[in-house]
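Student: Would you mind keeping the following structure in view while I ask a few things?
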Amino acid sequence: EIWKKKLQPFNIERILMSQACDGAAVMCGNHGGVQTLMQGSFPYAEYVHCYAQQLNLVIRNACSKNIKSVELFFANIGGFTTFFSSSPKRSYLLRAVCNKRIPAASTTRWNFQSRVHENKLYLMQCFEKIEQEDGWDDVTIREAIGLKKLLNNPQFLFLLNFFYDIMKHVDILYNTIQMQSADSVTVSNALQYFE
């Protein structure tokens, strides 16, 4: 109703409008989603599934499904952020060693894994301190040893390097798609460059 009042000088029936959001039912649902409510007020409003969200879903599914070693890699890499974010003492150790934090893992964004790649040596130092110093609980010691083993595992390191190289290009594409000024030509050009 607020939008109708603001747009009163214009012919509301003919205004071209679109909306882009993720594929959650609350947004795109046909029986009560935001897109349905918008179309009730603006019949010409088109719903577009967000390209950035689609890109992340495609990358996640392409990377994680049908190849068990890759699926395990992505399951394991999330363990680094969980390890440090689940304890203030662990987070403090990480900040003390490298003055950084690892952002929380996301099911639709891959940038967190680049932090693991870029900070492998600092992470190893943290895990070694936990192993060597007194005052750490059994769970922390056990998980630190497991994560340290991952950072020494050739297959894990290969996949870490491999996806680090690939995801840099995915991030460029993602950032281009997310630009407010992005139009269909910009997106199409970015997709061609990415391919």
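Student: List, largest first, the extents of the alpha carbons of the range 123-184 along their principal axes, each in whole Å.
Tutor: Computed over the Cα atoms, the extents are 57, 26, 16 Å.
Student: Something else: Determine the gain in length on full extension of the stretch C98-Q155; use 0.36 nm per residue of separation and subtract their C-alpha separation, reporting nm with one decimal.
Tutor: Contour length minus the Cα-Cα distance gives 18.0 nm.
Student: Taking every alpha carbon pair in the range 154-195, what does the distance histogram look like in 5 angstrom bins from 0, in percent?
Tutor: 6, 23, 23, 16, 11, 10, 7, 3, 1
Student: Through the Karplus equation 6.51 cos²θ - 1.76 cosθ + 1.60, θ set to phi - 60°, convert the phi angles of the range 175-184 into ³J(HN,Hα) values in whole Hz; use x for Gly and Pro.
Tutor: 5, 5, 5, 7, 4, 5, 8, 5, 10, 5
Student: Taking θ = phi - 60°, what integer Hz values does the Karplus form 6.51 cos²θ - 1.76 cosθ + 1.60 yield along the range 157-171, in sequence order, with x for Gly and Pro?
Tutor: 5, 4, 5, 4, 5, 4, 6, 4, 5, 6, 5, 4, 6, 5, 5
Read the figures in this text as sums done on the coordinates, not as results from a lab. Just so it is clear, the structure is predicted and the values come from calculations on it, not from any experiment.
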